[in-house]
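Some notes on the structure that comes next.
The values are calculated or read from the model by the stated rules, or taken from the named source; none is laboratory data. Just so you know, these numbers come straight off a predicted model, no measurement behind them. As a convention, Cβ positions derive from the backbone with ideal geometry for all residues, glycine included, and neighbour counts pool all protein chains shown.
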Amino acid sequence: MMALVILSVGTGARGAGAPVKNPDTFVYITAGDVESLDPAYAYDTTSENIIWPTVYETLIMYAGSSTSSFVPMLATQVPSLANGLVSADGLTYTFPVRQGVHFHDGSVMTPEDVRYSVLRFMLQDRDGGPSWLLLTPLLGTDATRDSKDNIQVMPGQVAKAVTVSGNNVVFHLHHPYGAFLSIIAAWSFVMPRAWAVSNGDWDGSLGTWQKFNNPKVQDRFQFDHMNGTGPFKLESWDRQAKQIVLVRNDNYWRKPARLARVVVRTVEEFTTRRLALQQGDADIIDVTRPDQSKVMGMSDVTVRDGFPMLILQAIHLNEKIDTTGNPDVGSGKLDGNGIPADFFSDIHVRRAFAYAFDYAANIRDGYRSGGTQPNGPIIQGLLGYDPTAPKYTHDRDKAIAEFKEAWGGKVWDVGFKFTETYNTGNVARQIGAQIIKDQIESLNPKFKIDIRDVQWSTFLELTTRAHKGTMFVLGWAADYPDPDDFAQPFLGSNGDYGKAIGYNNPEVNKLITEGAETADPAKRASSYRQLTKIAYQDVPSIYTIQQTSFLVMRSWVHGWYFNPILPPPGQNPGKDYYTLYKE
Amino acid sequence: MIAFILRRLLLLPFVALGVSALIFSLLQFLSPAMRASLYVHDPKQLNAVPDIIRKYHLDQPAYVQYWDWLVQVVHGDLGWSETARETVADAIRGFFPATFELALYSFACILAIGIWLGTQAAVHKDRLLDHLSRFTSISGASLPTFVWGLLLLMVFYGHFGWFPPGRLSLEADLFVRSSRFHPYTGLMTVDALLNRQAWIFWDVFRHLVLPVATLTYFLTAVLVRITRSSMLETLRTDYVRTARAKGLAQRVVVDRHARRNALIPVITLASLLFVGLLSGVAITETIFNYPGIGRWGVNASEQLDIPAVTGFALIFSGLLVLANLCADTLYAFVDPRIRLR
């Protein structure tokens, strides 16, 4: 009887060409949760989807689908060498501020508001937050505090980093930084200083910012209150129902949006999201690749696929494993029953794994063919991407040859055994882990890899603080569409992954610095091409997939355009609510 | 009886202390980095883990963290819940009414159907009604909640569009948030009537139908079997045989003589069911996207949101003490032979 019920339900209840439900209201149902509405605090994609460019705006914006050309937004011009708004030495960027723009509370935006907002963004600098994005180019440091939590930024530095000159806001960089406009386009949110101060926030004076540094999420009024210049303003945030409602800003400085209201709701259960889409109670929903087949063929639903995202997944090979009390390394020695701490420090071991991995199967089975194999951390869509650069292919013979060289031949003779981890619930990574296990074990019966899923909390412990992870998969999504945002974390010795796996190549560090601090795009591109070559030679990580994303929406949604940097960038691309409408 | 009640209520603070101490002692098994994962959601934040540990004092010994927490609680602060994105107290205040409302309607249905069906099954033992109740019990007990819930959702929402998930429709939600609506109790059905907004009442009712149906089907099973078993035992007693011998109608024998005595074990189970409904319907709340305390509790546990888990445990241990107290008090009403001392 149950089977009959299921079969009779079908995949669609509403007739084809059904009338538009809630024509003025756009409903996006996501699986993620909002962390904070404070643009200086939020560093998660779900929060950013609300913040930018919907409620808060930046000085410049990406031009449509482009990630390398910009249009003016709260500034009236995009600085460049040609118009003289970028100095010849690349250290000064001048933004003429647009006049007559109103915040949602009715006050008028001034250059002082811009300066305040940028400084606030930098100096709030909460642990694990986004402040480093502007701190690094403007103050030459990625943190306002040292490792002992002492403030290490001087008021004088801050004072001269961002200044106001007439109607212009001027940024004085610590060093030339080719990606600076990219960062400004995505992270220079503007809020009114008076509003912030009247609600208990920093008053903008250089003697007091330290008291407002590194807050907890709930310490700031802006955590759950918003006041920007964007086409929508916050109406409510219901934390029990996990729903945010935005209403149209009818005093927007451009033509008001077509939608009257945007609702962003969190629904963790996929079936519930899908049914809402089917019923027309949702206009766009989050869908993972494994669930994609369940939305194909739904009536009045459009699925658009193949959008190249600036997201890279990689298998990281830890060259300095902490073997103390570490069950994942077995005996802790190269004796066939374990691996030593420096097992992956041998280049032949790393190359062997790189040749053994079946990239095509991983993309096909783990990501439903939603991606391409990258040739390094500088992926397609970024400056310096080199489509001709070599990449590892699945080649059993080469893998065997490398293993026979590894550790003077001992690896092949004696074998090894270790455990690989992935975070629970991540099906794609589970499949990737299984692939590598199967491929490696098929080369030599003395090779044994166990796989283990662990909760995110344990995964974090293993891979970072404790450095106990042997081999693990973690990805990276762009903060801004620039190769520096990938080169540093993957290859820098102090980068997120470089540090976690003990990779340290001084030449790489030098090239990363050169690429970041050069204004000339051609020279930058050359640095990143060299980095790609070294990444291929050194194989600190195995780059498994540059993901593509797909969008699932009701057919009555129009006005969507793709830009990989619009939030939330993930398996489903981001959206700009300003351009959306339903009919 | 008053003394009995007071004695039981005096247990509450000790239960709270015991439960919270247990939770904090279990912290010994969680490394600071594991606890830091509550604040770290993205690989980009990995380098911040040591700073986060320092900032939130996650590397302090468990007894130090417990003492700090106790001092906070004494000042009326249950702490901040990262998973709820608000204070633990506000989160409980926000989530609890929704779960209470769901639990109340579900409990009423479970009691009504469970006691009636169990009684009838006992009275009509081995006949059609008994077999029907057995089938209901077995299917209710063996079908997982999430399967049943999803089936109901697919049919009655996905296909017919009658009973949507969530607590309110968008339109009703916007109205409820406006100044035109005053939340008196937090129970939407009650508040809708108090605000004289019948359409809101029906909106909430529509959203309650499926989760209530899911919980009722799942939990009635247990109550039916206990009621049946208890009724059968009572129906075999001498005094019931005497009542029948006196010529009393079957309905009078069952309703006035047998059922009351058969209710003792049912009361025990019912009290546990009610507390369970209040605290443990996470799966149902997740499937129906119902903003309740169970879903929050599970999220908090998964993400090691210790203030939330502790606050949640405190509330429900207190509720359990109260539920047991109510059950014990009810025994005395149901069976005059029982005296509360």
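The numbered conditions (1) within 14 Å of chain A (Cβ to nearest Cβ); (2) in a helix (DSSP H, G or I); (3) of a type in the set (Phe, Trp, Tyr) are all true for residue B:39 except (2). Of everything in segment A:95-133 that is out of contact with any Gly (no Cβ under 8 Å at 6 or more places or on another chain) and assigned to a strand (DSSP E or B), the residue that is farthest from residue A:152 (Cα to Cα) is A:102.
In segment B:286-320, what residues are under 11 Å from the mean Cα position of the chain (by Cα) and either acidic (Asp, Glu) or buried (at least 24 other Cβ atoms within 10 Å of the Cβ) (or both)? Walk me through it before giving the result.
The initial filter retains those residues of segment B:286-320 that are under 11 Å from the mean Cα position of the chain (by Cα), namely B:292-294, B:316, B:319-320.
The answer is B:292, B:293, B:294.
Candidates in segment B:14-36 are the residues that are crowded, with 21+ Cβ neighbours inside 10 Å and among the small types (Gly, Ala, Ser); of these, the one that is farthest from the other protein chains (Cβ to nearest Cβ) is B:36. As a summary of the residue check, residue A:258 satisfies the conditions (1) modelled with pLDDT under 95; (2) away from chain B (no Cβ under 14 Å); (3) touching a strand residue (DSSP E or B) at 6+ places or on another chain (Cβ under 9 Å) except for the one numbered (1). Against the condition within 14 Å of chain A (Cβ to nearest Cβ) and either assigned to a helix (DSSP H, G or I) or over 13 Å from the mean Cα position of the chain (by Cα) (or both), how does residue B:323 come out, does it pass? No. Inclusion of residue B:176 among residues that are more than 23 Å from residue B:283 (Cα to Cα), hydrophobic (A, V, I, L, M, F, W, C) and touching a Pro at 6+ places or on another chain (Cβ under 8 Å) is warranted. Selection within segment B:14-66: residues that are β-branched (Val, Ile, Thr) and more than 23 Å from residue A:498 (Cα to Cα). The member of this set that is modelled with the highest pLDDT is B:64.
Listed here are the residues, each with its yes/no results for (1) within 14 Å of another protein chain (Cβ to nearest Cβ); (2) under 23 Å from the mean Cα position of the chain (by Cα); (3) not in a loop (DSSP other than H, G, I, E, B).
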{"position": "A:214", "(1), (2), (3)": "yes, yes, no"}
{"position": "A:230", "(1), (2), (3)": "no, yes, no"}
{"position": "A:241", "(1), (2), (3)": "yes, no, no"}
{"position": "A:250", "(1), (2), (3)": "no, no, no"}
{"position": "A:254", "(1), (2), (3)": "no, no, no"}
{"position": "A:262", "(1), (2), (3)": "yes, no, yes"}
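Screening B:68, B:77 for residues that are in a loop (DSSP other than H, G, I, E, B) and farther than 23 Å from residue A:130 by Cβ leaves exactly one candidate, B:77.
Pairing residues of segment B:162-186 that are more than 9 Å from chain A (Cβ to nearest Cβ) and in a helix (DSSP H, G or I) with residues that are of a type in the set (D, E, K, R) and buried (at least 17 other Cβ atoms within 10 Å of the Cβ), at Cβ distances under 7 Å and at least 6 apart in sequence or on separate chains, gives B:172/B:203. Of the helices (runs of 4 or more DSSP H) lying entirely inside segment B:233-294, those containing at least 2 residues that are closer than 30 Å to residue B:83 by Cα, in contact (Cβ under 8 Å) with a residue 12 or more places away in the chain and out of contact with any Cys (no Cβ under 6 Å at 6 or more places or on another chain) are B:259-279, B:282-287. Residues that are surrounded by fewer than 20 Cβ atoms within 10 Å (Cβ to Cβ) and over 19 Å from residue A:397 (Cα atoms) within segment A:427-448 comprise A:427, A:430, A:431, A:434, listed in sequence order. Scanning segment A:53-75 for residues that are among the aliphatic types (A, V, I, L, M), surrounded by fewer than 23 Cβ atoms within 10 Å (Cβ to Cβ) and not in a strand (DSSP E or B) turns up just one, A:63. Only a single criterion out of (1) within 14 Å of chain A (Cβ to nearest Cβ); (2) among the hydrophobic types (A, V, I, L, M, F, W, C); (3) farther than 20 Å from residue B:90 by Cβ is not satisfied by residue B:300, namely (3).
Rundown of residues vs (1) touching a residue at least 24 places away in the same chain (Cβ under 8 Å); (2) within 14 Å of another protein chain (Cβ to nearest Cβ), yes/no style:
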{"residue": "A:422", "(1), (2)": "yes, yes"}
{"residue": "A:432", "(1), (2)": "yes, no"}
{"residue": "A:444", "(1), (2)": "yes, no"}
{"residue": "A:480", "(1), (2)": "yes, yes"}
{"residue": "A:494", "(1), (2)": "no, yes"}
{"residue": "A:505", "(1), (2)": "yes, no"}
{"residue": "A:508", "(1), (2)": "yes, no"}
{"residue": "A:524", "(1), (2)": "yes, no"}
{"residue": "A:529", "(1), (2)": "yes, no"}
